[in-house]
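Note sheet for the following structure.
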Amino acid sequence: MNFKRIATWAFSMCVLVVLVTLSACNEDDEHPNEYVNNWIETNMDFWYYWNTTMPANPNKKLTPNLFFESLKNQDDRFSWIQENYQELLNSLQGVNKEAGYEVALFRESADNTTLIAQLVYVKPASPAETAGLKRGDVISHINNQQLTTENYRTLLAATANDHTITFRALDLASESFLPVQTKSLSTVVYAENPNFLNKIFIHNDRKIGYYVYNLFSTGPVQGNTTYNNEMDNIFATFQSAGITDLILDLRFNSGGAESATVNLASLIAKGVDNTKVFTYREYNTLVTRAIKNDPDLGAGFLDVEFISKPQNVGSLLTNNRVYILTGTRTASASELLINGLRPYMDVFLIGGTTVGKNVGSISLFNENDPRNTWGMQPIVTKSLNSLKQSDYSNGFAPQIAIPDNHLIVYPLGDERELLLSRALQEITGVGDPGRVRVSKTWGREEGHSLDMKRHSNTLTIDQPDQQKLIRLLNQ
């Protein structure tokens, strides 16, 4: 027997087994996060507005959310990622699981951490409306836990599921709060219609259109224009009534779709049509070059024009002015509207300083990839108006500053409501008979339920344009 040959064969087989084992380990031991993180890095390298500031060798073993955060520019307040891209897309359309109310959170007093959540509006046909809740009611407890500066985010997140609230209803007749009561609220998948309220006030020779618009969304799903069509009909009513003034209430509008913004602007600005620039999109160098060199896109893709709208009311508005009610959650697409209108008309703000978001994002995801269900919404563009102005990163300060933190608040559309009343006074020159008589206010505002909504602080490029852009990466 040739023991040397057997030994050599045995050694070779051992080496082969070791090599195969090592190879299998290299394949199988790919860190579970690397597949998703490679996708994140590839897309961020190309799309991210601040891509030149990304780290050279990021740690791909981090969880995808932490990896994404590690790539962000220190000044980026708005990019985000989440594990389920379909939930991301739904939220951008205003579709959320909720009971149907929004709250602002205030300190009860300056010297403690206890918070009160005051309802700022209740959504039509929602469980909250069915339960009888209304604007002005105040919540002290959620699921039997007192709201505080430390726990309010956790408790607000819990309202995405069925929950109980301890609250006091506002009684406007006595301008006081009724005794404490508790209600159980169910939640539903709710598609919020942004066209919340529209009215016409008549004061002597002035006809004043009032429009509460709470989210820039074209419709309940991508590609649907139901909400834009409703908006057109509202302005057709304003036009046929011959309004002389327009009050646009955006104090609870934290952003949304660029195309809905263009639609609204095209209904307001005087003398605009599809030849006039509403906004310019400024991308990073890589994307800009790819757009300009693409035969189907070209440099014209960087411009966004108005739309020719027969329902436009611009020529009816006194002194070519629009009044916009703003607050601490007026952001992004709302600010794009303000900035885009300014070269064409006088934009008069009443309320609070806006957030200061002059950048926009797109939705990135791998559809039907079982290994990657993540979706991300990175900032990819900066917005400039037709005069190439974009100087509102600190927000727009109102001409008339009014803190929206009074204990006693009237329904939206009620002429006694504080911001609306002040706008009517500014328009008519008449005193303020609807002034809120109780001047007591809550303590400092600490948060808002809108901060928990993914459509908040967003300006999203719409799906058709996103699809045109996304193929650039694959060329």
* Asked: Given H placed 1.01 Å from N in the peptide plane, which residues other than close sequence neighbours of Leu384 have an amide H under 5 Å from its amide H?
  -> Tyr280, Glu282
* To do: Describe numerically, in nm with one decimal, the distance between label points set 7 Å from Cα along Cα→Cβ at Thr164 and at Ala56.
  => 5.9
* Structure fact -> In whole angstrom, largest first, the equivalent ellipsoid semi-axes that the Cα gyration tensor gives for the range 96-190 are 20, 17, 11
* To do: Compute the length gained on full extension between Ser176 and Glu69: take 0.36 nm times their separation in residues and subtract their Cα-Cα distance, giving the result in nm to one decimal.
  => 34.0 nm
* Structure fact -> Neighbours of Ala290 by Cβ distance under 12 Å: Lys/Arg at +1, Asp/Glu at -1, summed charge +2
* **Counted charge near Asp303, where neighbours are those whose Cβ lies closer than 13 Å (Asp, Glu -1; Lys, Arg +1)** => 0
* Kindly work out what percent of the DSSP beta bridges joining two residues of the range 146-288 are antiparallel, to the nearest 5. => 70
* Principal semi-axes in Å for the chain [√(5λ), Cα gyration tensor, largest first] -> 48, 30, 18
* Size of the dipole of the range 96-190 about the Cα centre, Lys and Arg at +1 and Asp and Glu at -1 on the beta carbon, nothing else charged, in debye to 20? -> 180
* **Mean Cβ count within 10 Å, highest first, over the residues of peptides 387-394, 165-172** => 165-172, 387-394
* Listed highest first by mean packing, meaning other Cβ atoms within 10 Å per residue, what order do 367-380, 87-100 come in? -> 87-100, 367-380
* Mind listing the long-range amide H neighbours of Glu446? Cut-off is under 5 Å, sequence gap 5 or more, other chains count too, H placed in the peptide plane at 1.01 Å from N. => Leu105, Phe106, Arg107
* **the range 33-168 - Rg over Rh from alpha carbon coordinates, Kirkwood radius** => 1.09
* Using only C-alpha atoms and all pairs of different ones, pull out the Kirkwood radius for the range 62-137 in Å with one decimal. => 15.8
* To do: State the extension gain, in nm to one decimal, for the chain segment bounded by Gln311 and Glu34, taking 0.36 nm per residue of separation less the distance between their alpha-carbons.
  => 94.5 nm
* **Asn151 versus Ser240: modelled label distance in nm, points set 7 Å from Cα along the beta carbon direction** => 5.3
* Going by how many other Cβ atoms sit within 10 Å of their own, how do Lys309, Lys382 line up, fewest first? -> Lys382, Lys309
* Asked: Which entries of Lys97/Lys453; Lys309/Lys382; Lys134/Lys453; Lys207/Lys357; Lys276/Lys382; Lys357/Lys440 show an alpha-carbon separation above 22 angstrom in the structure shown?
  -> Lys309/Lys382; Lys207/Lys357; Lys357/Lys440
* To do: Could you work out the local net charge near Pro55, counting Lys and Arg as +1, Asp and Glu as -1, over the other residues with Cβ closer than 15 Å to its Cβ?
  => -1
* 3J(HN,Hα) from dihedral phi, the range 334-346, Karplus parametrisation 6.51/-1.76/1.60, rounded to Hz, x for glycine, proline -> 5, 6, 4, 4, 4, 5, x, 7, 4, x, 10, 6, 8
* Highest average packing first - 248-260, 33-45, Cβ atoms within 10 Å -> 248-260, 33-45
* To do: Can you check how the C-alpha radius of gyration of the range 155-293 compares to 2.2 N^0.38 Å, as a plain ratio?
  => 1.45
* If you place +1 on the Cβ of every Lys and Arg and -1 on the Cβ of every Asp and Glu, how big does the dipole about the Cα centre of the chain come out, in debye to the nearest 20? -> 340
* Other-chain or far-sequence residues with amide H under 5 Å of Leu197's (modelled H) -> Val212
* **the chain: calculated mean residue ellipticity at 222 nm from DSSP helix runs of at least 4, using -39500 (n - 2.57)** => -8500 deg cm²/dmol
* **Percent of beta bridges antiparallel (DSSP, the chain, rounded to nearest 5)** => 70
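A short reminder: the numbers here are calculations on the coordinates, not readings from a lab. Just so we're clear, the structure is a prediction, and the values are computed from it rather than from any experiment. Note that each Cβ is placed from the backbone with ideal geometry, even for glycine, and that neighbours are counted across all protein chains shown.
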